[in-house]
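Just so you know, all these numbers are worked out from the coordinates, no wet-lab data involved. Not measured: the values here are computed from a predicted model. FYI the Cβ positions are ideal-geometry reconstructions off the backbone, even for glycines, and counts take in every protein chain you see.
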Amino acid sequence: MRLKSLYMKDFRSVDGEVLVSLDAPIVLVHGPNGAGKTSLLSAIEMGLTGAVPSLSRAEPDYLAYLPHKDRPFGQVRVDVETANGDRLVGDMRVTAEGVVGTPVLGPRQASFFSERSYLAQSTLGRLLEIYQHSDKKTDSPLTRFVKELLGLDRMEAIIAGLHSAGNISRLRNPVPSYDETRVAIAEKEKALIELDKREVFLKTSVETLEAEVREILARVDPAMLVSLSEISELPARFQSSREEDDLMELARSRREVAVLEEAWNKASNPSGAGERVLLEAVAVEARKALDEWIRTRGQDVEALLQQAGGLFADLAVSGESGFVWRGNSINSRVGADVQRIEGILNFHEDAIRIRVETSREIEEARTRVARLEEQMGEAADANEALARTLFELSTHIHDDHCPVCDRNFNEVSPTPLSAYVASKVSDMFEHAGRLQSISRDRTNTNSAVAQLERRLLEVEANILPDEELTGLKMRLADLTDIGQQLEAGAFDMQKGDELRKAAAASAQNAAALQNADQSREVLRREAVALADRLEVPSEPLESAGELLQRMRLSIDSRERALNQRLDERRTILKKAVLLSTSIEALSAVGNERKQLMIDVDKLRRKRAEADGIIEAAKDLVRKTREARGRVVRKVFNDELNALWRDLFVRLAPDEPFIPAFAIPEAAAGDIEAILETHHRHGGKGGNPRAMLSAGNLNTAALTLFLALHLSVEAQLPWLVIDDPVQSMDEVHIAQFAALIRMLSKQMNRQIVLAVHERSLFDYLSLELSPAFPGDRLNVIELGRNSTGQTTFRWDAKHYETDRAIAA
């Protein structure tokens, strides 16, 4: 991947737009303090990662300050070219509320860039402090890096995860099931003892209850005791008894007897004959009144309803329905249809009225259009004559002699000829304005005429044809007449319904008494059938009332016998149920004890397996700690310290103390990498911040950053560094230039370097200039104009052959 270009607008200290090319192995950025060098590098980080972590350490709310002062937003766009030639663009819009856009890099690569590829100026001075700081609860950044590089996180995860296996008391929180298993074994062993005691008690209770039940059963039902094979069958045998069913059957028979007695008493009432004659006379009178009404008024009412119903083809009203209900149904349809027709006719009348008004308006508008066209023709002729006069005379009039007739204009008017022509010109303009006004008025009037004509067509579409209009008026008259007749006949309809209901009710009452005589014989047969079912003998000459009384006495006697036997069975059943419950409890205790023994054996095997796992975990922790110690010593001595030492010695060859990583002494201890110094001739020194000068301390931080970058697999081929040479002397700077050249040419890193001092910028531009064909160096210079806006200029330096040496 290769950085191609950067565009930023109103971002941090940059006021305005900046577009520069980054398409070179090395890019040098120069500018005075406040010109925007750090802002440019921060813009690269923003476009690649979507954030600026180097600022978050100093200001958590740094997003509010990313847009330039008094600007609503800032914008950053970074173009990147992949190895296969694809283009990736990170276009970010920054406001005080947040960042909008998609960065080039994903989360993992963004973290690598911020920690391993970008060294901010503010981070350089505090790099050693940042990498060594730890709050004792979390690892320092350096320790996290070392563990990530060596893969120690997995080893330490094994050691930390299995730490609880060293002591049973430590297993309670991480592995509560182990302690729960130990407690469960003790509890279940205690429960087994309790179950043994309960089993002995239940066996004694069962033997006692069984003896009592057999004794009671021998006294109550010896036959059942002989046929009974197991005492446990006793509840089922008693539950299947028919006493309760027989009692329910007797209760039903008692209700039937009561019903038959009530019906017999009513049918045998001496007053029934007189009442029957009276009801028959009432029925005859009611029928005569109904027939008289039908003859006098009923036929007219029925004819009216039939006539009204014929007006609606979809209305089907049964003649069996009441007169009032049929009249109301038809009347509601008549009212709805009258409203519908009246609405159509009103709409028709409105359309005729609107047509007359619209026709009159159209005629008036057309008259106005004709008058306007006549005025427009007169105004057009006048304007045309005046225009020719102006064209012919305006260029030839020098005095009062007319260029047309060669006469002196003073002979006809004291007014100068030029003034007269000017007056005519003024009239011409006045006529032109009037012509424009008339034309506009005519256009508006024509538009109004067209609109009125469209309106007239719409209105005429709503006017009914004469045939349809006549039909609607005739139907409205018929419906109005029918509605009035229905309202006038409402009283007759009400009277007819009342007479019909009275006749039907009296006829029904008379028929009911006629059926009473027939029911006495039926009641006699039903009483005999019930007596046969109850096994009560009946006599041929015996009345139904006497037979029913003997059946009631027989039912009372049977109920008393069944209740006495049922009480005896309930007494035995209680004992049997208690015995059955005791037997089931004894069986349940036996099953529970058996299951408990199985559970205890399973828990014991489970604890034995867990003890074996604990021992294996202890052995794994010991071997892991030994392996960790060997890996840490090997990598610290052979890789990290060696690489950091080589880089530091290159840049500071005269410094006697060389920074290094501290190696843990004991393999069993936790890995916590710290910083120290080693003397060139042997021995250890203190922390680099205490042993090195300010310049060499910066060099140590810079080389530490480069060592960390080179120690891991290169996920991104970029190095972005902000002014690392500010405290270096000439030797350091020369060595640093050589190191940058090596990183770019041999290790294929694309480097973006910001420099503050002009002399160092010129020196590095010379030292890092292209050394072979195809090589290139981009230089970017930032500044500000007189109004404070950011200015920029960038140049690409290509390889040029030294012609003096070539010659």
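For the reader, a short list of remarks on this structure follows.
- Between K618 and A771, the contour length at 0.36 nm per residue exceeds the Cα-Cα span by 49.0 nm.
- Once the chain from D532 to V338 is taken as fully extended at 0.36 nm per residue, the excess over their C-alpha distance is 62.6 nm.
- Computed FRET value (nearest 0.05) for L469 with A490, which takes r as the C-beta separation and R₀ as 30 Å: 0.40
- Long pairs among K190/K606; K288/K495; K190/K575, criterion Cα-Cα beyond 22 Å: K190/K575
- Listed values for the range 475-482 are Karplus-derived 3J(HN,Hα) couplings in whole Hz (6.51 cos²θ - 1.76 cosθ + 1.60, θ = phi - 60°), namely 5, 5, 5, 4, 5, 5, 5, 4, and x replaces Gly and Pro.
- Gain on full stretching of the segment that runs from Q726 to F312 - 0.36 nm per residue minus C-alpha separation: 138.3 nm
- Sorting the segments 446-457, 108-119, 759-770 by their mean number of nearby beta carbons within 10 angstrom, highest to lowest, gives 108-119, 759-770, 446-457.
- Computed E for T480/R297 - FRET, C-beta separation, R0 35 angstrom, nearest 0.05: 0.90
- 5 angstrom amide H check on Q750, placed H, neighbours 5+ away: W718, L719
- FRET efficiency for T571 and F201, using Cβ-Cβ distance with R0 set to 25 Å, rounded to 0.05: 0.45
- Relative packing of 692-705, 729-742, which averages over residues the other C-beta atoms within 10 Å, highest first: 692-705, 729-742
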